[in-house]
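I have placed the structure first, in the form of structure tokens, so that the comments after it can refer back to it.
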Amino acid sequence: MKKLAVVAFGGNALLLSGQKGTIDEQKQNANTALKNLLKLIINDYHLVLTHGNGPQVGNILLSDIAGHRNNGLPTMPLDVLVAYSQGFIGYILEQQLRNIFTKYDMHTDIITLVTQVLVNKDDPAFQTPTKPIGPYFSAEEAQRLMQDTNDLYVEDKNRGGWRKVVASPRPIAISNTQSIEQMARNGKIVITVGGGGIPVVYAEGKKVEGIEAVIDKDLASSLLARQIGADKLFILTDVPKVFINFGTPQEKAIDKMTVMQAKEYLAEGQFGRGSMEPKVRAAVEFVENTGKDAIITQTTLLGVDNGGTRIVIS
């Protein structure tokens with residue numbers, strides 16, 4: 001019987017640092033990244049793909065602001081912008097994966113879902129925005145944007161720039177998981193939970209409404225993997241392994257760590273809050289709740305023996 005894997009691509013898999021973000025650039029980046037899925041398919045995995053949207057939704061937000069400022073167009077709430085990014089990123093991933101399959105004479109359906117994810121409207125994250133989205137700005141540009149929009153920008157000292165931050169509530173439930181699992185186990189590749197999913201809450205009378213937030217893609221992917229009974233969770237980033245003492249002379253790559261070890265490192269603050277920390281937390285939640293392994297690595301090491309950092313139950 002084939003195994004089921006959730007593979008979580010970062011938003012930077014499509015938009016690399018220093019690029020302008022043209023569709024041609026993102027198509028080429030997607031094609032390069034997606035070729036690595038062939039190793040998992042050869043190893044008898046059914047696949048569900050998720051993806052980040054940090055750079056893209058930030059650029060959409062800037063276009064939204066410019067359209068309002070220059071042409072009087074109405075601004076769109078962040079949940080709508082997340083839906084927008086899900087659609088076009090899913091389109092690019094689906095198209096490029098289909099092109100790869102055609103080249104290798106492979107045939108399977110690839111299905112992109114615009115996915116809503118339930119969060120708690122009283123989540124404390126709404127009081128303390130921490131999730132970075134969009135491009136980096138100089139201090140002067142960030143100050144001007146904060147004056148123009150009342151949004152919050154904070155400095156990322158590791159990367160030398162300022163970035164918009166928004167609320168990032170925890171995901172509670174993902175829509176259509178039964179259909180996602182059924183399609184994946186029937187051999188279809190499903191692209192879902194883009195950008196962590198469109199954040200929605202229950203209002204009065206169980207009415208579903210969008211809310212101004214961005215859900216962490218890795219936490220949502222971990223929840224999805226648990227809800228569909230996945231056998232493995234792959235969280236992709238731009239480094240080959242998880243490191244402790246990152247950026248210091250004592251820097252060390254971790255090949256394998258238990259849930260307990262990972263929790264100790266998290267308590268020590270070993271991982272960047274807006275970068276590696278949520279990935280490790282997402283992996284821990286999956287492993288702790290399923291007893292199955294999670295792997296954090298870069299795209300080129302997908303399906304490679306001993307590639308990346310493996311998080312195990314004990």
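List pairs: first residue in the range 180-204 and farther than 18 Å from residue 131 by Cα and in contact (Cβ under 8 Å) with a residue 60 or more places away in the chain, second residue β-branched (Val, Ile, Thr) and assigned to a helix (DSSP H, G or I) anywhere in the structure, Cβ distance under 6 angstrom, at least six positions apart or on different chains.
Going by the 6 Å Cβ cut-off, the qualifying pairs are 190/180; 192/180.
Could you tell me whether the range 135-144 includes any residue that is within 17 Å of the chain's Cα centre (by Cα) and surrounded by fewer than 22 Cβ atoms within 10 Å (Cβ to Cβ)?
Taking every residue of the range 135-144 in turn, at least one turns out to be within 17 Å of the chain's Cα centre (by Cα) and surrounded by fewer than 22 Cβ atoms within 10 Å (Cβ to Cβ).
Under the condition of being among the hydroxyl-bearing types (Ser, Thr, Tyr) and more than 22 Å from residue 119 (Cβ to Cβ), which residue from the range 130-177 is modelled with the lowest pLDDT?
Initially, the range 130-177 is screened for residues among the hydroxyl-bearing types (Ser, Thr, Tyr), giving 130, 136, 138, 149, 153, 168, 175, 177.
Those still in the list that are more than 22 Å from residue 119 (Cβ to Cβ) too: 136, 138, 149, 153.
Working: 136: 81, 138: 90, 149: 74, 153: 91.
Per the stated criteria, the residue is 149.
Mind counting the residues in the range 234-291 that are touching a residue at least 12 places away in the same chain (Cβ under 8 Å), more than 21 Å from residue 12 (Cβ to Cβ), not acidic (Asp, Glu) and not in a strand (DSSP E or B)?
Going through the range 234-291 one residue at a time, the tally reaches 14.
Do any strands (runs of 3 or more DSSP E) entirely within the range 92-165 hold 3 or more residues that are under 30 Å from residue 47 (Cβ atoms), and if so, which?
Fully inside the range 92-165 and qualifying: 110-112, 116-119, 131-137.
Would you check if there is a residue in the range 199-218 being among the small types (Gly, Ala, Ser), at pLDDT 95 or above and out of contact with any His (no Cβ under 9 Å at 6 or more places or on another chain)?
The initial filter retains those residues of the range 199-218 that are among the small types (Gly, Ala, Ser), namely 203, 205, 210, 213.
If we keep only those that are at pLDDT 95 or above as well, we get 210.
Pick out the ones that are also out of contact with any His (no Cβ under 9 Å at 6 or more places or on another chain) and you get 210.
Looking through the range 199-218, at least one residue is among the small types (Gly, Ala, Ser), at pLDDT 95 or above and out of contact with any His (no Cβ under 9 Å at 6 or more places or on another chain).
Pick out the one residue from 41, 100, 89 that is in contact with a His (Cβ under 7 Å, 6 or more places away or on another chain) and within 25 Å of residue 297 (Cα to Cα).
The conditions single out 89.
Among the candidates 24, 79, 44, single out the residue that is crowded, with 18+ Cβ neighbours inside 10 Å and not hydroxyl-bearing (Ser, Thr, Tyr).
That would be 79, the only listed residue that is crowded, with 18+ Cβ neighbours inside 10 Å and not hydroxyl-bearing (Ser, Thr, Tyr).
Could you grab the pairs with beta carbons closer than 8 Å, sequence gap of 6+ or different chains, first residue in the range 293-314 and on the phi > 0 side of the Ramachandran plot, second one in a helix (DSSP H, G or I)?
Qualifying pairs under 8 Å: 303/39; 303/40; 303/42; 308/301.
Within the range 112-121, can one find any residue that is more than 23 Å from residue 175 (Cα to Cα) and at pLDDT below 95?
Looking through the range 112-121, none of the residues is more than 23 Å from residue 175 (Cα to Cα) and at pLDDT below 95.
Restricting to the range 219-240, and then to whatever is modelled with pLDDT of 95 or more and of a type outside the set (A, V, I, L, M, F, W, C), can you tell me which residue is nearest to residue 303 (Cα to Cα)?
Here the answer is 232.
State the number of residues belonging to the range 173-206 that are loosely packed, with under 15 Cβ neighbours inside 10 Å and either part of a helix (DSSP H, G or I) or under 17 Å from the mean Cα position of the chain (by Cα) (or both).
7
The values are calculated or read from the model by the stated rules, or taken from the named source; none is laboratory data. These numbers come from a predicted model, not from an experiment. Note that each Cβ is placed from the backbone with ideal geometry, even for glycine, and that neighbours are counted across all protein chains shown.
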